[in-house]
Every structure is written in C-alpha cells, then in structure tokens.
1. Where in the stretch B:1-84 are the helices (runs of 4 or more DSSP H), entirely inside, with at least 3 residues that are at pLDDT below 90?
2. Is at least one residue of the stretch B:145-167 surrounded by fewer than 15 Cβ atoms within 10 Å (Cβ to Cβ), assigned to a helix (DSSP H, G or I) and at pLDDT below 55?
3. Condition first: more than 17 Å from residue B:33 (Cβ to Cβ) and within 7 Å of chain B (Cβ to nearest Cβ). Now tell me which residues in the stretch A:26-50 satisfy that.
C-alpha cells in the first residue's frame, strides 16, 4: 500500500489530538509545555506533508518560523514557570492566577 | 514501512509524554517523538528541517526542559492518579476525540468531488509545479551538485533562497522576536531583593 500525504495528515491529526488531550489532563506546567510542543510538531508535520504534496517550498518556510516561535515561547514560558515555582515550590497550573496584579 | 515505524515511534512518544509520572521520563519520550518526526521529514525531502528538528527541538528545547526540571528538583513527581476536578479526564477525552473527529471530517469531506482529501491536493499541485520548478532551477542551477543527489537542487539552497527573498521581513522579525524572548527570560528570572531568594540548605530538598 502506498503512503500518500493523507496518511501524514491523519498521523498529524492524531498527534495534535494527543497533545491537546495531554494539555487538558496534566497539571504539571512543564509537562503541559511538552504537550504544547507535541501539538506544534503535529502542525509542522502537516506543513511538510503539504509542502511535499504541492511541491511548494512555502510550507517548509512556515515550519522554520514555527520552530523559531516555539523556541521563543519555550524560553519565556519556562522562565515564568521558574519564577513562580521558586517562590511557591508546590505550585500547579492553577497557581498561575497569582501572576495578575 | 518507514512511515509505519516512524509513526509508531511518534505516537508512542506522545503517549509517553502524557502518561509518564516523572517529568524526566516525559522529556525523554518527547525526544523519541521528535526523532520520529525528523525521520518523516527526511522521507518527505525536507532534509534541512529534519536536521533542525534534531538539533533545535531534540537538542536545545528538550535540554532546556531538562535544565528546568533539574533546577526545580528532579523528585517532584505528579500524582497522576489524583483527579483534582471531577470529570476532567472524561471531558478531556471526549473533547480530544471530538477534535479528532472534526479534523478527520474536514480532511475527508472537503475538496472538490472527493471523499479523499488528497484529490483536492493533487488538483492544485498541477498549477504550482511549473512555476516553482522554473523559479528554483534557474536560480540555483550552479549549486545543484552539492545536493543530496536525488534532487537537482539542494534543499538548503532552496529554503535559504525562499527565506531571504520572499520572506525576508518575517525572517528579520524572528530575529527581533528571539531578542525579545531572551530579554524577557532574563527579566523574569532575575532576583530583585535578596530576601526573596530561597536558600537551599544542603540536605533539605525543595519539596
């Protein structure tokens, strides 16, 4: 059976939904970030599958930008996590409400 | 065959991220998942992105995760059995399955005249191919022999050309974004006032 781009799209849909499920279920902010990375990877896989199917390089350029944004997001997000957990070591995701004000 | 193995690695890694109790194990599962995605990038001729996927994602980002996990104390495991909100797990499962169903419906029910989404794709690709092929081969014909051999132009050459001509403004904006992120990280973790500093006595771990 030949692997078409539809297979890639179904796989990345599955990966995206797994990441979304983990994001909704887990309470540890670090693991929630990891699930976010899984969702971003699913989107990257979709971009590359479309880029390959349409023979258009714009999809790969989009993946490049997604990668940069993901790196910036992880840097800022993890520093927020560090800043919160350093003051309140038993914090879970709910305690980020303390950031306001 | 490669697809099936890589897909198994990706999905296994994703399940590991979700269901591992220890954050370190979750990070290692995340690396497995990223490697699987990199393999699929190679299969789809995106060689440069596969390289960047391994170096940046599996290298830099997961190492950053591990740094933070170690910084905060590696023995902080989450009790995965405890359910803080009633019906959170079933609701999340229903939501994720509904999302998957919506995506599959959009994939297989869309497009002109197709129960298969690929019909719409291949119909569009005919218009795209000649323009790009002429464009790229005219620009980069001199650098073609440095490629991987199965294409006449190197993937890196094409991608760099695309990045620095059509997307040069976005490219510079990402440089600004990375600078802002670095400054933000420094500002967020800076200690104002030494009395806020948690003194980590030897022998007492942060609980």
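1. Values: elements: B:2-19, B:23-43, B:47-52, B:62-72.
Of the helices (runs of 4 or more DSSP H) lying wholly inside the stretch B:1-84, those with at least 3 residues that are at pLDDT below 90 span B:62-72.
2. yes
3. A:27, A:28
The values are calculated or read from the model by the stated rules, or taken from the named source; none is laboratory data. Note that the structure is a prediction, hence the values are computed from the model and not measured. Backbone-built Cβ (ideal geometry, glycine too); neighbour counts: all protein chains shown.
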